[in-house]
1. State whether the residues of the range 44-57 include one that is more than 21 Å from residue 1 (Cβ to Cβ), buried (at least 17 other Cβ atoms within 10 Å of the Cβ), in contact with a strand residue (DSSP E or B) (Cβ under 7 Å, 6 or more places away or on another chain) and in the same structural domain as residue 125 (by TED's automatic domain parsing).
2. For the range 101-123, enumerate the residues that are closer than 20 Å to residue 64 by Cβ and part of a helix (DSSP H, G or I).
3. Out of curiosity, is residue 140 modelled with pLDDT under 90, under 30 Å from residue 23 (Cβ atoms) and outside any loop (DSSP other than H, G, I, E, B)?
4. Among the residues that make up the range 75-98, is at least one of them closer than 18 Å to residue 123 by Cβ, surrounded by 14 or more Cβ atoms within 10 Å (Cβ to Cβ) and out of contact with any helix residue (DSSP H, G or I) (no Cβ under 9 Å at 6 or more places or on another chain)?
5. Mind listing whichever residues of the range 102-119 are exposed (fewer than 13 other Cβ atoms within 10 Å of the Cβ) and either modelled with pLDDT under 90 or touching a strand residue (DSSP E or B) at 6+ places or on another chain (Cβ under 6 Å) (or both)?
6. With a cut-off of at least 3 residues that are under 19 Å from residue 10 (Cα atoms) and in contact (Cβ under 8 Å) with a residue 24 or more places away in the chain, name the helices (runs of 4 or more DSSP H) lying wholly within the range 34-100.
7. Which pairs have Cβ atoms under 8 Å, sit 6 or more apart or on different chains, and link a residue in the range 194-205 that is over 18 Å from residue 168 (Cβ atoms) and assigned by TED's automatic domain parsing to the domain that holds residue 165 to one that is surrounded by 10 or more Cβ atoms within 10 Å (Cβ to Cβ) and modelled with pLDDT under 80?
8. Do we have residue 24 as outside any helix (DSSP H, G or I), surrounded by fewer than 16 Cβ atoms within 10 Å (Cβ to Cβ) and out of contact with any strand residue (DSSP E or B) (no Cβ under 9 Å at 6 or more places or on another chain) here?
């Protein structure tokens, strides 16, 4: 496989080259210190894989991944970075990266990652705890699915009242708009809080704003 290394530190590029130079099935065909250099290089040579840092000047590795996948969809990207926190991992995968490795990766794992990605598989380093990105994925999914969750959990009347609460309507105003008693409004509020496992209307409003539910 033909590989290009992209990192803004020469010592890192040299280190990766040293790690891989004696591997028979890996051929380093170029390197770049930033995104602009890489894009110019890709006009001359096309690798099978790009080893790419996230934190770089001018164009981040994640933004660069998006550009590469749009322009050169055949190139596979392996992120090799010190910034492998949950959000960065998820964003890198969404941008098209097929491998994620921290910079404390050992030689054997780097080679394994390159071979896996070259073979069409995704590779997440064993040094990246699963919990660092799974919670972010769950959070993102929960946010996307919030309206559906409300439709599954709350009744039509409760959703109607929730919207009015978020709009800042008082119990009296809600009762007048829906032609129900204030006591019934309070009962519905209590049911909504219980179903959503919240303690106060303030929590409810924060939840609705955070999850962009003001248009439910």
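1. yes
2. Those that are closer than 20 Å to residue 64 by Cβ and part of a helix (DSSP H, G or I): 110, 113, 114, 117, 118.
3. no
4. no
5. Of everything in the range 102-119, just one residue is exposed (fewer than 13 other Cβ atoms within 10 Å of the Cβ) and either modelled with pLDDT under 90 or touching a strand residue (DSSP E or B) at 6+ places or on another chain (Cβ under 6 Å) (or both), namely 104.
6. Correct list: 35-41.
7. Short answer, once both residue conditions are applied: 195/153; 196/153; 196/204; 196/207.
8. Yes; evaluated as a whole, the condition is true for this residue.
The values are calculated or read from the model by the stated rules, or taken from the named source; none is laboratory data. Source: prediction; values computed, not measured. Neighbour counts run over all protein chains shown; Cβ positions are idealised from the backbone, glycine included.
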